[in-house]
Amino acid sequence: FSPTDFKFAGIDVSINKMVIGHRASWGWAVDAQAPYPGSIWADQNYNLLIQVNGTMVWVNAGNKSFSYNFTPRVIDGENYGLNKGLVGVGSDQSRGRLDNMAIQVVQPENTIDRTEDYNDGRANLAGESTGTWTVSGGRETATPAPATQLATQVIDTGAKTLQADSYLELTTNVKTAAMGGILFDYYAANDFKFVMIDVAAQLVVVGHVDPRRGYIVDQTIARTLSAATDYVLSLSLKGASVAVTLSGAYITTFGFNGATVDGQFGLIARNGTASFDNTRFRTNDPAFNVAANIVLLTGSPPTGPAADESTLPGLLDQAKAYWSAQLGIPLSSLAGVRIAVADLPGLERAMTVGRTIYIDRDGAGRGWTSVTVLDVVKFELGHILGRN
């Protein structure tokens with residue numbers, strides 16, 4: 001923001017450490033530091049990677065990384081992350097030498113991008129849940145269980161877990177007069193993290209549920225909220241941090257004690273009903289990039305329309321009947337197979353993860369006919385059964 005108002009991250013030769021801090025009118029302040037792996041010498045080149053997510057900063061050097069979470073900058077009553085100001089380089093009480101600098105705003109190369117709009121009357125990937133969940137009118141409504149005043153629903157992606165170093169972005173439209181939002185790092189109904197809007201208390205709430213201590217609020221941010229408004233709640237998860245935006249406005253970044261990505265994720269309501277729409281997840285996790293599980297576009301099939309998710313359950317039933325007859329197995333043995341539309345990268349037309357089949361929305365840019373979708377669903381179901 002000015003020569004005397006900025007944040008910094010790098011190395012300090014005088015103390016042989018990596019540092020993160022800020023510059024104020026009165027001088028430089030180190031807010032966090034960690035030993036450098038090895039020794040730092042003057043007049044030597046060192047490779048550094050500085051990463052930012054919301055207000056969380058990581059310094060990566062050698063084989064070591066450490067982080068610090070700054071307080072958001074407040075301008076006209078609104079919180080802002082570290083991407084609000086300019087970026088650059090500098091040095092303090094020394095001559096700094098820099099080379100091969102790259103400044104990048106990089107969205108991860110997603111291995112899957114899935115949006116549930118509920119327009120087909122289903123929550124196609126709904127998994128383990130508490131409370132009551134119903135789909136009607138293109139939305140999903142959660143009603144908490146009376147005993148706990150919580151309703152939770154996990155999105156069953158087919159992958160058991162994601163890798164701790166993967167990037168994960170979660171978004172949903174939420175409308176409630178009570179509390180509603182997104183849960184993540186879910187291991188059990190009494191072990192997960194969450195971000196919710198609390199309309200009754202006029203807060204955005206970050207917290208977790210602990211097996212021993214129960215429901216715990218870690219951070220609250222005051223926000224003017226209305227029960228009549230459909231808010232777009234979006235989380236970006238990386239490492240131990242979660243960056244939160246609400247209807248496009250940055251809210252906060254919170255740093256937990258451990259990774260936020262390596263559990264399951266889904267939706268949550270508390271103290272009253274909440275309704276959801278356009279629930280989306282996207283990630284670069286390698287669980288969704290196993291070559292043997294992917295059907296690629298080959299040749300030049302006729303161009304057709306986008307996949308219609310409402311027709312997929314019927315096509316899956318046909319594929320189940322085909323394999324049941326081929327293998328002499330009961331249809332009941334295939335009851336746990338799920339199917340959904342997603343945006344897959346590149347030339348991928350379909351993909352299987354666990355017992356979940358994903359059909360690319362536009363067929364890798366060539367569209368679909370019911371015949372080609374059925375062929376692909378049969379193939380992917382055969383893969384689940386170990387026949388392909």
* Asked: From the residues Thr152, Met179, Ser129, which one has its Cα farthest along the dipole of segment 125-271 in the positive direction, the dipole being from +1 and -1 charges on Cβ of Lys/Arg and Asp/Glu about the Cα centre?
  -> Met179
* Asked: For the charge dipole of the chain, defined by +1 on Lys and Arg C-beta atoms and -1 on Asp and Glu C-beta atoms about the Cα centroid, which residue among Asn100, Val217, Asn289 has the Cα displaced farthest towards the positive pole?
  -> Val217
* Structure fact -> With a 1.4 angstrom probe the carbon and sulfur portion of accessible area for segment 194-339, in percent, totals 52 percent
* Asked: Highest GNM mean-square fluctuation, the chain, Cα pairs closer than 10 Å: which of Val87, Val59, Val373?
  -> Val87
* **Accessible carbon and sulfur surface of segment 42-136 relative to its total accessible area, %, 1.4 Å** => 43 percent
* Tell me what the chain gives for mean residue ellipticity at 222 nm when only DSSP H runs of n ≥ 4 count, each as -39,500 (n - 2.57), the sum divided by the residue total, rounded to 500 deg cm²/dmol. => -2500 deg cm²/dmol
* Asked: Taking H as built 1.01 Å from N, whose amide H comes closer than 5 Å to the amide H of Val341, not counting residues under 5 places away?
  -> Ile359
* When ligands, DNA and RNA are left out and all protein chains stay put, how many square angstrom of accessible area per residue does segment 196-301 have with a 1.4 Å probe? -> 39 Å²
* **Segments 98-105, 173-180, 205-212 sorted - mean Cβ within 10 Å per residue, highest first** => 173-180, 205-212, 98-105
* To do: Compute the separation of the alpha-carbon centres of segment 271-330 and segment 8-28 and state it in Å as a whole number.
  => 50 Å
* **3J(HN,Hα) from dihedral phi, segment 19-36, Karplus parametrisation 6.51/-1.76/1.60, rounded to Hz, x for glycine, proline** => 9, 9, x, 8, 10, 10, 4, 8, x, 9, 10, 8, 8, 8, 8, 8, x, 6
* Tally Lys and Arg at +1 and Asp and Glu at -1 over the other residues with C-beta under 11 Å from the C-beta of Gly363: what net charge comes out? -> 0
* **GNM flexibility winner over the chain from Ala350, Ala243, Ala159 (Cα, springs under 10 Å)** => Ala159
* Asked: Can you tell me the accessible area per residue over segment 54-99, all protein chains present, probe 1.4 angstrom, in square angstrom?
  -> 70 Å²
* Structure fact -> Length gained, Val232-Thr134, 0.36 nm per residue minus C-alpha separation, equals 33.3 nm
* Mean projected area (nm²) of the alpha-carbon convex hull when the chain is viewed from all directions -> 23.7 nm²
* Using the beta-carbon distance between Ala102 and Ser333 and R0 = 56 Å, what value does 1/(1 + (r/R0)^6) give for FRET efficiency, to the nearest 0.05? -> 0.60
* Asked: Could you give the angle, 0 to 90 degrees to the nearest 10, between helix 370-384's Cα long axis and the longest principal axis of the Cα atoms of the chain?
  -> 70 degrees
* Structure fact -> Phi-derived 3J(HN,Hα) across segment 343-355 with the Karplus relation (6.51, -1.76, 1.60, θ = phi - 60°), rounded Hz, x for Gly and Pro, is 9, 9, x, x, 9, 6, 9, 7, 7, 10, 10, x, 10
* **Relative packing of peptides 271-281, 318-328, 285-295 - highest average C-beta neighbours within 10 Å first** => 271-281, 285-295, 318-328
* Compute the whole-percent fraction of alpha carbon pairs in segment 1-119 spaced more than 21 Å apart. => 47 percent
* To do: Determine, for the chain, the count of lysine pairs separated by eight or more sequence positions (or lying on different chains) whose alpha-carbon distance falls under 19 Å.
  => 8
* For Thr71, what charge total do you get from the other residues with a beta carbon under 12 Å from its beta carbon, if Lys and Arg give +1 and Asp and Glu give -1? -> +1
* Structure fact -> Listed by chain and number, the residues whose amide H is under 5 Å from that of Asn79, excluding neighbours fewer than 5 places away on the same chain and using placed H, are none
* Structure fact -> Longest principal axis of the chain (C-alpha) makes with the long axis of helix 312-327 (C-alpha) an angle, in degrees to the nearest 10, of 60 degrees
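The values are calculated or read from the model by the stated rules, or taken from the named source; none is laboratory data. Everything numeric in this text was worked out from a predicted model, so none of it was measured. All Cβ positions, glycine included, derive from the backbone under ideal geometry; neighbour counts span all protein chains shown. Just so you know, the surface numbers come from the protein's heavy atoms only, side chains and all, with ligands and any DNA or RNA stripped out. Shrake-Rupley method; radii C 1.70, N 1.55, O 1.52, S 1.80 Å.
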